[in-house]
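The values are calculated or read from the model by the stated rules, or taken from the named source; none is laboratory data. This structure is a prediction, so every number in the text was calculated from the model and none was measured. Here the Cβ positions follow ideal geometry from the backbone for every residue, glycine too, while neighbour counts run over all protein chains shown. To get the accessible areas, we keep the full protein, side chains included, count just its heavy atoms, and leave off ligands, DNA and RNA. Shrake-Rupley method; radii C 1.70, N 1.55, O 1.52, S 1.80 Å.
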Amino acid sequence: RGGGFALCALDSGPIFVTDHGVCASHAGALVPGTAEEVPRRGRLRILREEARSALCDSILDEWCAFGLRAGPADRLHVLGLCLELHEGDDDSASEDPAVVWTSLQLLRDALNDRTKAEQADAWDLPSWHCGEIEGEGICLKTQSLEEETLELDPLLKQGRVVIEATRGWLARLLFVPSMEGRLRHGGALVCPWLVGVDVSMAPEASTSPSPSAEFDEGATDDPRDAALAFAALPPHDSADIVEVARWERFFVDELGMRPAIDMVTRSSSDLRSVRVGRRLLDLTFWLRLAQPAPVQEAVAVGHRRTNAARRIESSVADFVVRHAEVLGALPAGEGGAWCVRDFLAADFAYFLRGVHIRGTLPPLLIAPTLSGVLSTKLVHGVLSSLGVCMDVTNESLISRCLPLLIESGIGVDKGNFAHIYAALGSCDSEELLNRLRSTVWVPERGLVDVDDCVFLPDGTEGIAELLGKHDLRPLYPGAHELFVGRLAVRQQLSVSDCVQAMRALRGRSSGLAEGPESGMQLEDLKRLGIRTYKQLLRSAKRDSGKVDLGDEPLVFKITTSPSAMQWHHPSRCMWLDLPSGSAVSRTSLQPQFGKRGLQRLFVEVLGVPLLDPLEVVDRLALTPDGSLREAYGEIWDAFEAQHLDGSPQLAADLRRALAAGIRVPGDGGGLVPLDRCVFLQDADATFVERMGRVNLGHHYAELRDLFVGHLCISTVVPVEQILAELRQESAIIGGGPS
């Protein structure tokens, strides 16, 4: 020091190292600080390069002549020397842990680098050490001179042993400091990390109660745990995920340490288990393993990864896949409510938006910022092996996503189900479709069978409920392809369905409670009945036939005083309301359904007559004198309507109704036969009456076309009748008192 040098009297001479052979941080731990430290275990036989530079060339030449090492050491020399630190008895005290950790790190990096394509430069081999990759190891091809050199320099040979060592050999050879401060072989220790999570500390109880006993079934107190010895934590940056992963894989894969897989349980009360579970689902963790360089640099180089990064990532991935069954059962969700295998990719958030299950958010992965980097087959495969659902498919929607919605309860938004059912429209797997048949969700009802559902068109709202069915169209309008195209849900109703619905409507109307709300309820029932009639008409058109209702009263009419829904048989109804007013033996349907386009249903399908002549006669007989003109006016309007509509049967029925006679005001309710009626303008009523005739023109002057045009009432009195009346009048005058 201070310009001088120290000389170690070694069997093969001193070892001089440079920063190229061993980095400065390692050299600082391995080089003896004083002459007294040289023979101590924990200090290697290394001198700094400054000491060699202080020697003259003649001394170095003399050393070479005696077979001593005079040149600077390469990495293989240092690796060979590192093995000397691992000689001795198991469970001995560690004199200088820092030196041991340095040697282990050198060995770790050497073993990690042995598969590099540029291994010759990585090992800093002399030019005569020509090596090439063969599989995962190194095969040194040497000349006889090279073999001789290796025999003369045992450190090189010992360093090569490290490179070609097997896992079982290293597990029995290398020592590692334990938590108790003792040195133990790797095979006798437990790795303090599990997937980069420190599990060496005592279990830390969670303050949150376990939401479900299901996740605590695997929790057991292993009596061996107290006797297990954890390896100590090496000096490292705990935030450096890649460095921790390198140490963990070195401990387990190379030194044969027992993985801490048995130290975690399925208990959600053990925060170690929860932390490991969350680490497995932490996509940032996998990103750091896949790309140890800074994110900005990774983006700049196009996400290229080094061979070393790939080895760390694949090594961790292989370990997780091997233990996927145990690791997949670890708790990971909020409060331990979910285990790892319950989670789904972030793409499922579209179907689970706003959903809370067991009082927590659904088990969804959080998509990272650089999701493109993470979209690797390796990470996808690892998470899939743990049971995480990574892909949105028909099968995953049915087996993973749909059960979560169902578990969330009755209050879940139907929109979530709508998204799933719409996405399943392309499903063509009979197995999956059969599973869907019993899992159709109806809000406020829960799960129903597909056979209890219909998918009716617009204008049929409420009919399905009358039939005891569930109409899926208002709930899931975008799922027509799934329910109708794949599951064969009916989208049409038969005539018998409509008749059954009318029976149900009749039963419902009979149970109306009296009160101020009865009018509103009647109006709702009326609208529902009209929709049912329209559907019956469509069904009848499709079936091309009439409907025979038998003796069932399935035609309703709303009355206002009292408010009620009266039911009639079609045989007791007629379509037209002529004349309007109180019905006698038939109920007129036109006032209630005329503007609904239902005339064809009642007249052509149900066989209701347009008009019943006897009903018209009975109604005219009950019409007050003051309303007769209006009543016959309505009949005239009906004649005009049939003329425009081309309905000869109506005209015939009207003539039959009026053939019995005409009522005129003041006749006491009787009917005047048509042959006694005339239609005269400005005639002397007394004279006409004296002739035994009734002048309809006197009472219904504006209805000439009705009486004259359609009923052929005469507009003149025959001359013979007038002469006869005059003669009779003259005789009466002539035969009076003289």
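Quick notes
- Where residue 278 falls short, out of the listed (1) modelled with pLDDT under 90; (2) assigned to a helix (DSSP H, G or I): (1)
- Pair list, Cβ under 8 Å, 6 or more apart: the stretch 538-560 residue under 20 Å from residue 525 (Cβ atoms) and without any contact (Cβ under 8 Å) to a residue 12 or more places away in the chain, other residue open to solvent by 40 Å² or more (accessible area, probe 1.4 Å) and of a type in the set (S, T, N, Q): 559/566
- Here residue 472 meets each of (1) open to solvent by less than 60 Å² (accessible area, probe 1.4 Å); (2) touching a residue at least 40 places away in the same chain (Cβ under 8 Å) with one exception, condition (2).
- Pairs linking a residue in the stretch 573-590 that is small (Gly, Ala, Ser) to a residue that is open to solvent by 20 Å² or more (accessible area, probe 1.4 Å), with Cβ atoms under 6 Å and 6 or more positions apart or on different chains, are 588/577.
- Residue within the stretch 213-234 that is modelled with pLDDT under 65, small (Gly, Ala, Ser) and surrounded by 22 or more Cβ atoms within 10 Å (Cβ to Cβ) present: no
- Neighbours by Cβ (under 8 Å, 6+ apart or cross-chain): first from the stretch 235-263, within 15 Å of residue 188 (Cα to Cα) and touching a residue at least 12 places away in the same chain (Cβ under 8 Å); second in a helix (DSSP H, G or I) and among the polar types (S, T, N, Q): 250/112; 253/315
- Taking the stretch 579-616 as the range and being part of a loop (DSSP other than H, G, I, E, B) and either open to solvent by less than 10 Å² (accessible area, probe 1.4 Å) or of a type in the set (Gly, Ala, Ser) (or both) as the test, the residues that pass are 579, 580, 581, 582, 583, 585, 589, 597, 598, 607, 608, 611.
- Residue among 375, 385, 371, 399 that alone is modelled with pLDDT of 85 or more and surrounded by fewer than 16 Cβ atoms within 10 Å (Cβ to Cβ): 399
- Evaluation of residue 448 against (1) under 28 Å from residue 345 (Cβ atoms); (2) open to solvent by less than 50 Å² (accessible area, probe 1.4 Å) (one fails), failing number: (1)
- Pairs where the first residue, in the stretch 172-184, is of a type in the set (S, T, N, Q) and modelled with pLDDT under 85 and the second is surrounded by 16 or more Cβ atoms within 10 Å (Cβ to Cβ) and not in a loop (DSSP other than H, G, I, E, B), C-beta under 9 Å, 6+ apart: none
- Test for residue 317: is it part of a loop (DSSP other than H, G, I, E, B) and either in contact (Cβ under 8 Å) with a residue 24 or more places away in the chain or closer than 30 Å to residue 445 by Cα (or both): no
- Within the set 341, 358, the sole residue that is under 26 Å from residue 420 (Cα atoms), out of contact with any helix residue (DSSP H, G or I) (no Cβ under 7 Å at 6 or more places or on another chain), surrounded by 15 or more Cβ atoms within 10 Å (Cβ to Cβ) and at pLDDT below 80 turns out to be 358.
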